[in-house]
1. Using a Debye calculation, one point per C-alpha and no hydration shell, please list log10 I(q)/I(0) for the protein assembly as shown at q = 0.08 Å⁻¹ in order.
2. Treating the point 7 Å from Cα along Cα-beta-carbon as the label, what are the nm separations from residue A:129 to the other copies, to one decimal?
3. Pick out, from B:144, B:325, B:393, the residue whose Cα sits farthest towards the positive end of the charge dipole of chain B, with +1 on the Cβ of Lys and Arg and -1 on the Cβ of Asp and Glu.
4. Count charges around residue B:242 for me, please; just the other residues with Cβ under 12 Å from its Cβ, Lys/Arg as +1, Asp/Glu as -1.
5. Which of the GluC sites (Glu not before Pro) found in the range B:385-482 are loop residues per DSSP with 14 or fewer other Cβ atoms within 10 Å of their Cβ?
6. Translational D (Stokes-Einstein, µm²/s) of the range B:3-274 at 25 °C and 0.890 mPa s when Rh comes from the Kirkwood sum over C-alpha pairs?
7. Under a point spin-label approximation (7 Å from Cα along Cα-to-Cβ), what is the residue B:168-residue A:182 distance to one decimal in nm?
8. Mind checking the angle between helix B:351-360 and chain B's longest principal axis? C-alpha axes, 0 to 90 degrees, to the nearest 10.
There are 2 protein chains.
Amino acid sequence: MTVVPVILSGGAGTRLWPASRESEPKPFLTMPDGLSLVQKALARAFSLGAPMDVPEVIVVTNRDYLYRTIDECVRLDEEHPPLRFVLEPEGRNTAPAIALAARAAQAAHGSGAVLLVLPADHLINDVPAFTAAAIEAATLATQGHLVTFGIRPTRAETGFGYIECGAALGKAGQAVNRFVEKPPRTTAESFVAAGNYLWNSGMFCFGAATIAKALAEHAPGLSKAVDEVWQTRRSGTYEHCATLEFDPAAFARLPSESIDYAVMEKARPVACVPAAFDWSDIGSWQALSEAMPVDADGNSRTGHGIAIGTRNTAVHAGNTRLVATVGVDNLVIVDTPDALLVADRNQTQAVKDVVIALKAAGDERYKLHATATRPWGRYTVLHEAPGFKIKRIEVKPGHTLSLQLHHRRSEHWVVIGGEAEVVNGERLFTLAVNESTYIPVETKHRLANRTNAPLVLIEVQCGDYLGEDDIVRFEDKYGRVG
Amino acid sequence: MTVVPVILSGGAGTRLWPASRESEPKPFLTMPDGLSLVQKALARAFSLGAPMDVPEVIVVTNRDYLYRTIDECVRLDEEHPPLRFVLEPEGRNTAPAIALAARAAQAAHGSGAVLLVLPADHLINDVPAFTAAAIEAATLATQGHLVTFGIRPTRAETGFGYIECGAALGKAGQAVNRFVEKPPRTTAESFVAAGNYLWNSGMFCFGAATIAKALAEHAPGLSKAVDEVWQTRRSGTYEHCATLEFDPAAFARLPSESIDYAVMEKARPVACVPAAFDWSDIGSWQALSEAMPVDADGNSRTGHGIAIGTRNTAVHAGNTRLVATVGVDNLVIVDTPDALLVADRNQTQAVKDVVIALKAAGDERYKLHATATRPWGRYTVLHEAPGFKIKRIEVKPGHTLSLQLHHRRSEHWVVIGGEAEVVNGERLFTLAVNESTYIPVETKHRLANRTNAPLVLIEVQCGDYLGEDDIVRFEDKYGRVG
C-alpha cells in the first residue's frame, strides 16, 4: 500500500521558551541525543518500509521554516524518499494543512494513497513499535476508516482530548465511540478509571480521498476554501526538494480549524490504534524534563555544570556557560545565550506568561533568538552596545548573501574559518582565514561561499543605527528583493 | 586626635562565587546602589571628621588589586585625604596587615596616631551612627584601650566570634571580659539569651604604638618577623597614591594569624563599642540578599528580568541577559557572563563547594572572570572557539599597554570608541572610531590612549594557540617586563 507521511511542523512553542521561540519553534528543539524533534519525526517517516510503500514525505510548514527544515534533514545524513514541502504563509491549524496535503498526495499518487499524519513536535523513542502501529493504521485506512492513534493515559490530564474506544477492529484496532475535548478533572479521572478511554495523540491515518470526502461532507465551507487555495498553487524546487506555495490572500481566507473538530468528531467510521510505544507531546518543560535520563538524585542535564545538594532538577544548557546549582529541588533551569529561565518543575505551564510579558514590554526575545537562521546560513549577535554590534556569521557551502548596502553602518569582516568571496564596491576578491576587509557606509557588497566547507567570519558593525532593517538588497537568490 | 583609617581589602570570597572570584574578590562586589563594598569602605573612612583629624587613609591589599582599588576610589569622585597602599605579595591574615599599617602610621604621624581598622567587605549603611561609634572608639583608644566594635546578635550564629562585655566604659563603651571563638550552637544560644555577648565585627581601634607594643608582648615571633619585613620596605607612588612594598621572601616568613588570636584575646585593657548601626559581613549570598530592598513578594533584583509567581527570591544579574523566574520560592540566582548560580537561599554556605569542584576540575572560572582588570584598563572575552578569540578592550585615558609581540597569534583591531595610538611594526599612527589595523604574528606592537576619554576596541585574535601567556613584553610602564 502507498503511504505518504505528512509531517505537520509549526507552532510557537511559547511554553518551551526560551529554547523555543517563534523564529525557531518546538520542532527545532534539540533533544539530549543531539537530534531535533523535527529530525526525529523525519527519521520516523523515513524508516517506514514494507508492506508500506513510501513514494515521498510531505512536510507542511511555514515558508519561513523551509531552509531550516531542509538543513535539519540534510544533517540527518540518511538516504530517504523525496521531500515535498507544502508551504503555508501563516498557520491555520491542522484541518487546512491536512486537506492541502491530501490534495497534493492524491494528485501525485492517486486516490488510493494513504496519509500518515505526524506532528513534528512529538517525542517517540520506540520506532519499531511505532512502525507496527502505523502498519495497522494504514491497513484500517485502506478499508475506509479514519484512524487515530490513542495513548494509554498515565494521569487524569485535562490538557488533552480523550477517545472512547469500543469494539475491536482488525488486528489491534478498536472502533471509536466518541471524542471528548479537554474534559474537567473529575471527568478525566472517571475516563482513566473506566479503562476504555485513550488520549487523542494528534497522529492520524486515512486515505487521501477518504479525508477529502469527509471534509467536503462535514466541513463544506473549509473544503471549498481549500479548493480555492489549491487552485493558486505554484510548484517549485529548492535544494532538491519539491515545494508548493499558495496565494497568501486566498490562504488568509481559510478558517483556522483542527481536523478533530472539522472531521474526526463527526465522521464515521473512525478507528483507533492504541499506541504500544512511548509518547510525549513535549508540551512543557516538565514534559521535556521527564523525557530525559536522570541520575540517582533525579537530576538531568545538558551542557556543562556542577550540582551540589541538588535533586529532581533538570538543567537545559549549552556548553559555553557554566550552570551551578546548590541545595535546590524540583527545578527546571533553561540557559540560552540571551535569556535564562528558572522555574518550579510543577509550574512550567506558566512559562507562557513570561512570553506574554516580554511581548507586552516590546522585548523581541519573546520571538527571536541570539542566533538567527537565514537561507544562506546563520548569524549570532555576540555583543551589542550603542555604536557597534558584533556578529558571528556562518555561510553554508555554495551559498551567497544578497548584493546589498547599508545607509548607516559600516562593517569590518575578519574571516576565521573557510574562504570568502567578497564583492566590496567595484572590487571582487577572496579572503582566507585571518584576512579582513572593510565595507564603508553606502557601499554595495556581497558575501559568498564558493567552497565545500563552511565560511565563518566575525563582523564588527559601526554606526549610529544598527537595526536589521537598514539594508537595501539589489540581487538575492532567495527571492528577498522587492 | 589623629585617626588613620586602615582598610583591610582582600580575601577570596569563594562563598560569593560567581560574582566574587579570586581575581576580583568580595570588596569589588557591586551593591544595588552601584557602589562596590570597597568604595563604601573608602567613603566611610573619608567621611570621618572633627574631632578626628584624618591625615591619610591606609589600604592594606594585595599588590594585584592596587590598580583596581585606585579605579574604585577615582570613580567615587570625592575629595579625600591622601591614600597610602600597604601592598602585600600574599595574604597573611589580619595581624601582619595591621602590624605593618601600624608601623606605617607611626612613622608618618607619630606614636599618638590612632588606627581605625575597617574590613573592606562589610556593609554599613548608617554612616552617621558609624561615625559616632568611631569617635567613641578613638577616644577609648587614646586612653590606651584596644577597642573592638561589637554587633548585637540577631540569631545564634555559629560562624562568628563572640565578645563577653562587662562594666561600662566612657560614654558608650564596655570593658571586654573575654573573646569566644565560633561557639557550638547551644553555647551561641546561651550567649544570645544572656544579652551581654556581642558578635566580634572584625573592626578595631587602637593607638599605633599601643597595638605595636601589644603585638611585641603577646606575639613576639610575629612582631619580630614584621620588623624584618618592615626593614625591606620600598616607598613609591602610583597615580598620586603612596605605596609601600616589601621583599616577598621576607613577607613569606610572616606567620598567618588573626589579630584576635595574636593580641585581642590575650591583651588588656580591651574595650568594646556596641554598634548602633546596621552591619553585615556579606558572608554569603543569603546575607547579601538580606541587605537588598525587597518588594511585596519578598523578591529583590538587580538587572533585567521577569518574575511570575515568584517569592523570596533574590536575582543578581547584569543588564544584558534576561532572567525569568516562574513559580519559585526562596532562591538566590546569580547570573554572570560565564557562569550561573541557582541556590536555595538557606544553603548558600555550600557555594564554596562549587568553587572547590571547579578548582579540582581545572576550570579557571573558580578564580577568573570573563572581564579581566589590568593596570591600563580591562578586557572582556566576548567569544572563544578553536582558532579565534574576540575581546573587547578598554584602555583608560593616558594609559599604554606594553610593547609586545605574539608568536602564535595575529590580531585585528577595530576601534569602536575613542582614539588609539598604535605602534604596528615600524609604523606609528592613530586610529579613530570605525578604523582598523592588522597586527601580524611576530610583529612588535603597542596600544596607547593619549586622550582624556576611554579607548574601546574590538580585537579578533586568530591563531592555533591563543593563551594569555603567548606574550613577549619589551617595555612596560607597569613593571611587567622580565
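FYI, it's all coordinate maths here, none of it is from the lab. Computed from a predicted model, the values in this text were never measured in an experiment. When we count neighbours, we look across all protein chains shown, and the Cβ atoms used for this are built from the backbone with ideal geometry, even at glycine.
1. Normalising to I(0) and taking log10 leaves -0.90.
2. 6.5
3. Ranked along the dipole, the leading option is B:144.
4. Net local charge, residue B:242 excluded: 0.
5. Qualifying residues, ordered by number: B:426, B:442, B:468.
6. The estimated diffusion coefficient comes to 130 µm²/s.
7. Spacing of the two 7 Å Cα→Cβ label points: 7.1 nm.
8. Approximately 50 degrees, to the nearest 10.
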